[in-house]
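The values are calculated or read from the model by the stated rules, or taken from the named source; none is laboratory data. Model, not experiment: these values are computed from the prediction. Because the Cβ atoms are built from the backbone with ideal geometry, glycine has one as well, and the counts that use them run over all protein chains shown.
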Amino acid sequence: MDTTALVICEHCDSVYRRMPLHHGQTACCTQCGAVLYSNRSLDLDAMLALAVAAMIVLLIANAYPLMQVELGGITRETTLWNIILITFDSKVGLIAVVSALSIFFFPLLQIALYLYVLLPLRLGHVPPAFAGAMHALRQMQPWSMVEVFVLGVLVSVVKLAGVATVSAETGLWGFGVLTLLITALGGFDLRELWDRAAELGE
Amino acid sequence: MNVPRACDLGLIGCDACGKVLQARQHAEHCPRCDAPLRRRKPDSLVRSWALLLSAAILYVPANLLPIMHTVQLLNVEHSTILSGVVLLWKNGSWDLAIIVFVASIVVPLVKIVCLALLLLTAQSGSTWAPRERTQLYRVLEFIGHWSMLDVFVVALLMTLVHFGKFAQVEAGAGVVAFCAVVVLTMLASMSFDPRLIWDQQTDRDAARP
């Protein structure tokens, strides 16, 4: 039996035969309502552009201070790494480790892996250790939390507003843009990259 | 409409890359991506219960212990998650107060209660509203990491308000417990296999004369 035209619903195990979709259509499971696949044709150029932009923005967001706090004549600027290092030196080092992973290392690795996978595919060949990179990408996705961090910055700005003078700096805008770029990248279905790689491998 | 299920057709789908295979031919690993092939997530119910119970236990200290100590001119103030929300509300930022309340108190509690419901119904072989229960699972997966909000807020305030005796914010033990609750509930919902909701469904259908 040829199984290439089949698709199995991740959430309820129902089996369907793939059908060609019109632009903007999405195939959903009739049993549980999960999205099976969409016709959002895999646009390697767009994904690659997003990944390159995300990498540049990530570097900017980390290099520049997030915000500036002024209290009683003392001014303090904070970058993401200040936050991680100061938190690490406090009694709650665990928080620093979790923050460093979810706001810095996972997003960085995620974007680097996207670049590593997308660039060779765009040029028409499958990179070495493709499977390993794809597994890492899939597993990292839920643990990358840039968007939550951005909301956290907004909450702390408001909490401080009565006490000190707070102003947003370049780094915060960087993280805002990074949130949009990573969300857009995450919207692409990794399974379609597997299909593309399989086509190239043949 | 009756849609065939992979386990009845002798098919198995790779969790990682979505490839559909015949169960007999490829015993252990996916030929395309080398991920282990499994019909269901291993020990789904046991793992999920263990993680969920640990999260439920830690939810108590996470809410009772202070997450922050604010030192301001010899005056020390201990704040828990709830008192932080109240303070935001009193200062007039009711919109952020609602966001923090939802992300830090409602979401973890809803996650724990709903996941327990999913586990209990899957375990007892309930045939009640399988479609809605699967949708509930998808909602839980989506909202999971937003509870990390308060952890980041504490880390930020600690760093920003660092003016010695004049004004200083220190983290309390509550924030570690809270962080553990968020990570544990995320792991618990990842270990749960929504296909278990549907397995009972077809067993019942088959048993019916």
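Data overview
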quantity	calculated
B:Ala180 being in contact with a Leu (Cβ under 6 Å, 6 or more places away or on another chain), among the hydrophobic types (A, V, I, L, M, F, W, C) and closer than 21 Å to A:Ala34 by Cβ	no
Failed item in (1) closer than 23 Å to A:His11 by Cβ; (2) surrounded by fewer than 20 Cβ atoms within 10 Å (Cβ to Cβ); (3) at pLDDT below 90, with B:Phe163 passing the rest	(1)
Given (1) closer than 20 Å to A:Gly186 by Cβ; (2) in contact with a helix residue (DSSP H, G or I) (Cβ under 6 Å, 6 or more places away or on another chain); (3) within 11 Å of another protein chain (Cβ to nearest Cβ), number of the condition A:Val69 does not satisfy	(1)
Residues of the range B:69-90 classified as away from every other protein chain (no Cβ under 12 Å) and farther than 26 Å from B:Ser147 by Cα, total	3
Hits in the range A:159-202 (condition: of a type in the set (Gly, Ala, Ser) and either over 22 Å from A:Ile83 (Cα atoms) or part of a helix (DSSP H, G or I) (or both))	A:Ala161, A:Gly171, A:Gly174, A:Gly176, A:Ala184, A:Gly186, A:Gly187, A:Ala197, A:Ala198, A:Gly201
Any hit, the range B:167-177, residues being out of contact with any His (no Cβ under 9 Å at 6 or more places or on another chain), surrounded by fewer than 16 Cβ atoms within 10 Å (Cβ to Cβ) and touching a residue at least 60 places away in the same chain (Cβ under 8 Å)	yes
Pairs with Cβ under 9 Å, 6+ apart, first in the range B:1-16 and more than 7 Å from chain A (Cβ to nearest Cβ), second in a loop (DSSP other than H, G, I, E, B) and among the basic types (Lys, Arg)	B:Gly10/B:Arg24; B:Ile12/B:Arg38; B:Ile12/B:Arg39; B:Cys14/B:Arg32; B:Asp15/B:Arg38; B:Asp15/B:Lys41
Odd one out for A:Glu169 among (1) of a type outside the set (Lys, Arg); (2) surrounded by fewer than 19 Cβ atoms within 10 Å (Cβ to Cβ); (3) within 8 Å of chain B (Cβ to nearest Cβ); (4) in contact (Cβ under 8 Å) with a residue 24 or more places away in the chain	(3)
Matching residues, the range A:1-28, being within 8 Å of chain B (Cβ to nearest Cβ) and either in contact with a Ser or Thr (Cβ under 8 Å, 6 or more places away or on another chain) or of a type in the set (S, T, N, Q) (or both)	A:Thr3, A:Thr4, A:Ile8, A:His11, A:Cys12, A:Ser14
Selection count where residues are within 9 Å of chain A (Cβ to nearest Cβ) and either assigned to a loop (DSSP other than H, G, I, E, B) or under 23 Å from A:Ala133 (Cα atoms) (or both), scope the range B:17-29	5
Which numbered condition A:Ser102 fails, given (1) facing another protein chain (nearest Cβ under 9 Å); (2) hydroxyl-bearing (Ser, Thr, Tyr); (3) free of Cβ contacts under 8 Å to residues at least 24 places away in the same chain	(3)
3 or more residues under 20 Å from the mean Cα position of the chain (by Cα), of a type in the set (Val, Ile, Thr) and modelled with pLDDT of 95 or more: qualifying helices (runs of 4 or more DSSP H) within the range A:34-133	A:44-63
Filtered residues of the range A:158-191 (kept if over 18 Å from A:Glu147 (Cβ atoms) and out of contact with any strand residue (DSSP E or B) (no Cβ under 8 Å at 6 or more places or on another chain))	A:Lys159, A:Ala161, A:Gly162, A:Thr170, A:Leu190
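Residues checked against (1) more than 13 Å from chain B (Cβ to nearest Cβ); (2) surrounded by fewer than 19 Cβ atoms within 10 Å (Cβ to Cβ):
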site	(1), (2)
A:Gln139	no, yes
A:Gly152	no, no
A:Leu185	yes, no
A:Leu190	no, yes
